[in-house]
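A short reminder: the numbers here are calculations on the coordinates, not readings from a lab. This one's a predicted model, so the numbers in the text were calculated from it and none came from an experiment. Counting neighbours? That spans all protein chains shown, and the Cβs are built from the backbone with ideal geometry, glycine included.
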Amino acid sequence: MSEHSATSDLMEAVKCGLTRARKALPPFLFYDERGSALFERITTLPEYYLTRTEHGILERDAARIAKTVLASLQGPVAVLELGAGTATKTELLLRAFVKERADLTYFPADVSPTPLTQARARLATNLPRLAVSPIVGTHAEALDKISRWEGSVVVLFLGSSIGNYEDAEAAALLSEVRGALGQRGVLLLGVDRKKAKEVLVPAYDDSAGVTAEFNRNLLLRLNRELGADFDPAAFRHVALWNEDAGAMEMHLESTEPQSVHVAALALTVSFERGERIHTESSHKYDQARVSRLLAMSGLCDVAAFSDERRWFSLHVAAPLDA
């Protein structure tokens, strides 16, 4: 992704989001260098069950997942991970992949280069047989690049990142994944399952306040990159369960009447006390919703791996017409 296109995307997203009747900003804005580091801290918090639960599935089932994913693939294999970050938990899976196949190249993709540099350095030491080729860019850019691979393609979309999208948007993204897979590719999709809100809400509003800091860091990014004058202390982190949408939501709520100027956009935005900026939805799934989403995308469920409580699941999906 060029610096110019990244800045244009940022400006367009902010202008569109802050001039809506219900203000909203897309979650990709979380992940500047500081935001990525804060999210890594979130994954270690006691309330944040997602990473811990997914890691447990990979510790137990990585070998079985690798056999299932790689069984029908021919030729050299490209393993593309969307939103890879530091690829810490993915290393368990990659280790199992390398035991199954020698002709693998891992393409970790992320909009932030720093975690990719960390991932590449660690994997060079821990899995020296694995070729690693990071991609700094959006999901669309990474999928476009991998679609030109001569061989088989595996796409990893872990951590329930798909939950950040409304179903129609998620289906559109997975349709792009389907296109990149060709006729013999495989998707490994992580989804967070529906569960009691007493478990969900603390995962997005931890007692140490790290998630609140992560949420407000988005405003600091806009100050730095777009010349905005947000006062993060004047916004309260709000996490709530939306039963109708089947999603956890995060918001930034103005604690007072205020105006914010965004210099790069020549835009002044007014906030009433209690007015919110919607910054993230994290949808939760049952099996019917997963199956429907895959079918909308031209994919079908081949196998699923879950923890004992069925709080999280990893789905192996293949093209419907393969």
Q. Lysine pairs in the chain 8 or more apart or on different chains: how many have alpha carbons under 21 angstrom apart?
A. 8
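With a ≥ b ≥ c taken as the square roots of the eigenvalues of the C-alpha gyration tensor of region 100-185, please select rounded if a/c is under 1.5 and otherwise prolate if a/b is larger than b/c or oblate if it is not?
Numbers: a/c = 2.08, a/b = 1.36, b/c = 1.53.
Cα axes put region 100-185 in the oblate bin.
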**Q.** Helix 167-181 vs. the chain, principal-axis angle (Cα, 0 to 90°, nearest 10)
**A.** 40
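What does the charge count around GLY151 come to, taking other residues whose C-beta lies under 13 Å from its C-beta (Lys +1, Arg +1, Asp -1, Glu -1)? It would help to have the intermediate numbers written out before the result.
Values: positive: ARG101, ARG148, ARG184; negative: ASP103, GLU150.
Counting the neighbours of GLY151, the net charge comes to +1.
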**Q.** Residue-count net charge about GLU253 - beta-carbon cut-off 10 Å; Lys, Arg +1, Asp, Glu -1
**A.** +2
Q.
Placing +1 on the Cβ of each Lys and Arg and -1 on the Cβ of each Asp and Glu in the chain, which of HIS237, LEU299, PHE214 has its Cα farthest towards the positive end of the resulting dipole?
A. LEU299
Q. Where does the chain land at 222 nm, in deg cm²/dmol rounded to the nearest 500, when only DSSP H runs of n ≥ 4 count, each adding -39500 (n - 2.57), divided by all residues?
A. -13000 deg cm²/dmol
Q. Give me the log10 of I(q) over I(0) for region 207-253 at q = 0.20, 0.24, 0.26 Å⁻¹, as the Debye formula computes it from C-alpha points; what are the numbers?
A. -0.70, -0.86, -0.93
